Amino acid sequence: THFKLAKDSTEFIKDIEKEDNMEITSFTHEGMTDYAPSLKVNYGFTAQCESAGDLIYVKPLIDNLMSTSPFTSDTREMPIEMPSVATTQVTCKIDLPEGVTIEEQPKNLMFKNPDGSLLFKFICSPTPGGITTTCTMSVGKTLFAPSDYEQVKAFFDEVVKAASEIIVLKKAAQ
């Protein structure tokens, strides 16, 4: 869901709750105008996670960053046009209930295309009482030559792979 495409914040919240199967508990925003240079959206939420036995599986890249690549063909003859130069950053702070520990977390990673115009960073850091993930994706130019297609496709394939990473939590023995 793209905040600036929603009719209003209520519609945006409903769309996120539906897409990500969560309940939004708090919501604030800054910069929701057509001419604002940046937009900051903050929301708190509760969500059901998958579990098996004493393990809980959490997908930290909420907001459906990218579940499928927009580039599926093996080759391309036309230039690639991106809608705009943009940087998207998603930070997810997860508070762990007492008795729950981090069993496994995704590795930090960073990758970019050869000229650096596409950049993806993912950082996963344990914090006192929780874990925080920060994902940043930057598109630094709007036009890519057909000869760049293989690199652009590979970049977005890696973003999709990274977006599917999970955190494994473990409940303490009772």
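The values are calculated or read from the model by the stated rules, or taken from the named source; none is laboratory data. Quantities reported herein were computed from a predicted structural model and do not represent experimental measurements. Remember, those area values only see protein heavy atoms, side chains included, never the ligands or the DNA or RNA. Shrake-Rupley method; radii C 1.70, N 1.55, O 1.52, S 1.80 Å.
Key figures
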read-out	value
For the chain: relative contact order, % (alpha-carbon pairs under 8 angstrom, 6 or more apart)	26
Structure-derived Cα Rg over 2.2 N^0.38 Å - corresponding label in (i) 1.15; (ii) 2.17; (iii) 1.08	(i)
Accessible area in the full protein assembly, largest first, 1.4 Å probe, for Ser51, Ser125, Ser117	Ser51, Ser125, Ser117
Using alpha-carbon coordinates, inclination of helix 9-20 to the longest axis of the chain, degrees	80
Max mean-square fluctuation residue, GNM over the chain, Cα-Cα springs under 10 Å, options Gln89, Gln105, Gln48	Gln48
Fluctuation leader among Met137, Met82, Met66 - the chain, Gaussian network, Cα springs under 10 angstrom	Met82
